[in-house]
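First up is the structure itself, then whatever we jot down about it.
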Amino acid sequence: MWLLKLSWKNMWRNKHRTTITISAIFFAVVLSVVTSSLQDGVFDNLIKNVVSFYSGYLQVHKQGYWDERILDNSFEASVSLEQQILQPKNVTGLAPRLESFALASSEELTKGCVVIGISPQRENTITALQNKVIEGEYLIENDVGVLLAQGLAARLRLQLHDTLILIGQGYHGATAAGKYFIKGIVKFGSPDLNEQSLFLSLAAAQDLYSANGRVTSYVLALKNPADLNSTAESVRTKLGGTYETMTWEEMMPEIIQHIQTDKGSMYIIQGILYLLVCFGIFGTLLMMMVERKYEMGMLVAIGMKKIKLMQLLLVESVLTVFSGCIVGITVSIPIVYYLNKYPIRFTGEMAKVYEEFGFEAIFPSSTDSGIFITQGLIVLGLGLLLSLYSIIKIAALNPVTAMKK
Amino acid sequence: MKTVIDAHTVSKTFNPNTIPVHAINNVHLHMEQGEFSALVGPSGSGKTTLLNLIGGLDKPDTGNIIIHGIDITKLSPNELIDFRLHNIGFVFQSFNLIPVLTAKENVELIMQLQNRKRADIEKRILSLFKQIGLEDKIDTRPSQLSGGQQQRVAVARALASKPQLVLADEPTANLDSKSAANLLDIMAKLNQEENITFIFSTHDVRVIERARRVITLVDGQIHSDTARVETEPQTTDLATAK
């Protein structure tokens, strides 16, 4: 106890120096917490946008479908299979899809497109497709109309309530052909989807492709996306080897790659920040060791064991760094929560790009408690690592030389 | 009489590989319990080095130093620190009190290092501050004490562990005459009443006059060793020392 008391008093013997050190640590913690939380928040938001846009967090296919996306790799949809998929508590819903390719023709023009057969109601709970309807109406179950993406409609010079022809290859090589009226026009930010996609009701798509009762995928909604991998594993175990359960990370590795590249550059910035903090702490330690060299020699002379002296200085360092960390974390919590509730909004060109993709042009922060703990621990660890300097100096301390003025 | 110090053929050379300085050269020293001695000599004669060797702060190149029957030249650095903590009190020229601690806490520190019980510590603190005549300054920081008062606190700290030997390196060098006299009074009283052995390294005639034995060092050797029985340490009223 006396050691702690003495450390605390020593810590404040030079108030300016301690205040400067604590301030340096404080700013480092605040900056690293806020930058990390903004970075994580942006990535979380990106993932949420991308996933809710089309893929969902998890998809179930027939084994091998993802490598060869053809109708022959579709599977029989059934209530019992859906019940099995819905068993893990984290799975809150699913939407069946039957996807394939077809040639879409207007009176004079033809273009390749992706035909997606959906259960309108269930699809809407996962991708909020209804919100993307800019003209006409959304589909209903067993609808015979289609939703045409805006870009595709423009290329085919088609408008709402016009008719289009779909020609393609159905299940097991059957001919797929049909005539459909355009019930609605949907707009996507993603150029791929906007230029190529066409939505039918699941029943209409199954009829077109002669794939009655079949689907190519189930798109799953999760309660807690953080438990993605464990949920995927749980679904995999329940379904066995006939089906493949894929996470969005497996389906879209390019997104993960983008995040990792971005994080890499952020780590460099944080590294520079930590380096500056290290210089600050080390400078303080150097000054303190020179200033108190005589006193340390005297303490060893009168009978304080070096190990005790090391403990004393270590506790002083811990108290200083810990105080900076605590103040830093305390101040960064409201900042991070504020930025989460009132995210920074992009303006200008950047905002346009985001909005074109159908994303909200915001820069939210993540309130994950792990960020505060990790950043606090990193700075604390650095402080402790640097305090090894004073410990090494004490180990080599000779009281007689130390007390020479 | 009980032997406190028994040093034989003690030598210490600094910079042996470059320009050797023979700080202590073949010194023999015997000291009994209760002596009040002064180590004197010109600057560079080896007073502080001999004091450091006796206090176990430094190791001799040759010879043995036996304190209270223990050959301290054979102790490991950690054992030496422990030995100093329990057997030797140090008083330094520039007081060396820890500035962030009060007078009481500075004295307490030694007993805390000894893991003494709280009740013992409190009792000892009261008795020590009474002996040095600073009961009213117990909770005062060193910066608020005069030089003389700080040195008296340093004496209390040196005595906190109940050592039988106190080594004082130029204890009066930074004090005015009145403070020096008061400090010497306190130490003389402790010497008489508690039979504590005091060794001073000093240039100060005020100390030399009060010492009962004066050991003169010249070029690292004992030049003379005079017992002065006629100069019994005299004490003045401690109240004036405040």
Specify the residue that is most open to solvent (accessible area, probe 1.4 Å); the eligible residues are those in segment B:9-42 that are without any contact (Cβ under 8 Å) to a residue 60 or more places away in the chain and in a loop (DSSP other than H, G, I, E, B).
B:17
Would you check if residue B:95 is surrounded by 17 or more Cβ atoms within 10 Å (Cβ to Cβ), in contact (Cβ under 8 Å) with a residue 40 or more places away in the chain and facing chain A (nearest Cβ under 8 Å)?
no
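Does residue B:74 fit the bill of being of a type in the set (Lys, Arg), within 15 Å of the chain's Cα centre (by Cα) and more than 10 Å from every other protein chain (Cβ to nearest Cβ)?
no
Please find, within segment A:284-306, the residue that is least open to solvent (accessible area, probe 1.4 Å) out of those that are at pLDDT 85 or above and under 46 Å from the mean Cα position of the chain (by Cα).
Across segment A:284-306, the extreme among qualifying residues is A:289.
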In segment A:369-405, what residues are touching a residue at least 24 places away in the same chain (Cβ under 8 Å) and open to solvent by 80 Å² or more (accessible area, probe 1.4 Å)?
A:393, A:405
Working only within segment B:123-144, note down all residues that are within 21 Å of the chain's Cα centre (by Cα) and closer than 13 Å to residue B:98 by Cα.
B:142
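Between A:319, A:312, which is among the aliphatic types (A, V, I, L, M), closer than 26 Å to residue A:371 by Cβ and within 14 Å of another protein chain (Cβ to nearest Cβ)?
None of the others qualify; the one that does is A:319.
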By residue number, the members of segment B:83-92 that are modelled with pLDDT of 90 or more and at the interface with chain A (Cβ under 7 Å from one of its Cβ atoms) are B:84, B:85, B:90
Every residue from segment A:147-172 that is assigned to a helix (DSSP H, G or I) and either open to solvent by 20 Å² or more (accessible area, probe 1.4 Å) or of a type in the set (Ser, Thr, Tyr) (or both):
A:150, A:154, A:155, A:171, A:172
Return the total of residues in segment A:1-26 being open to solvent by less than 50 Å² (accessible area, probe 1.4 Å), within 14 Å of another protein chain (Cβ to nearest Cβ) and within 21 Å of residue A:379 (Cα to Cα).
4
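Matching residues to (1) open to solvent by 30 Å² or more (accessible area, probe 1.4 Å); (2) closer than 22 Å to residue A:38 by Cβ; (3) touching a residue at least 60 places away in the same chain (Cβ under 8 Å):
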| site | (1), (2), (3) |
| --- | --- |
| A:191 | yes, no, no |
| A:211 | no, no, yes |
| A:217 | no, no, yes |
| A:233 | yes, no, no |
| A:240 | yes, no, no |
| A:251 | no, no, yes |
| A:257 | yes, yes, no |
| A:262 | yes, yes, yes |
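Residue by residue, here is whether (1) free of Cβ contacts under 8 Å to residues at least 60 places away in the same chain; (2) over 24 Å from the mean Cα position of the chain (by Cα) holds:
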site	(1), (2)
A:9	yes, yes
A:79	yes, yes
A:93	no, no
A:100	no, yes
Qualifying residue in segment A:329-350 (condition: without any contact (Cβ under 8 Å) to a residue 24 or more places away in the chain, within 14 Å of chain B (Cβ to nearest Cβ) and either at negative phi or touching a Lys or Arg at 6+ places or on another chain (Cβ under 7 Å) (or both)):
no
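Can you name every residue in segment A:376-405 that is under 13 Å from residue A:279 (Cα atoms) and within 14 Å of another protein chain (Cβ to nearest Cβ)?
Result: no residue meets the conditions.
Working carefully through the options A:58, A:71, A:86, find the one that is surrounded by fewer than 18 Cβ atoms within 10 Å (Cβ to Cβ), out of contact with any Pro (no Cβ under 6 Å at 6 or more places or on another chain) and more than 14 Å from every other protein chain (Cβ to nearest Cβ). Don't jump to the end; show me each part of the working.
Values: A:58 fails: surrounded by fewer than 18 Cβ atoms within 10 Å (Cβ to Cβ); A:71 fails: surrounded by fewer than 18 Cβ atoms within 10 Å (Cβ to Cβ).
Criteria check complete, one pass: A:86.
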Looking at segment B:126-143, is at least one residue crowded, with 20+ Cβ neighbours inside 10 Å, without any contact (Cβ under 8 Å) to a residue 40 or more places away in the chain and charged (D, E, K, R)?
yes
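The values are calculated or read from the model by the stated rules, or taken from the named source; none is laboratory data. Bear in mind the structure is a predicted one, so any value in this text is a computation, not a measurement. Here the Cβ is made from the backbone with ideal geometry for all residues, glycine too, and neighbour counts use every protein chain on show. Surface areas here come from the heavy atoms of the whole protein model, side chains and all, with no ligands, DNA or RNA. Shrake-Rupley method; radii C 1.70, N 1.55, O 1.52, S 1.80 Å.
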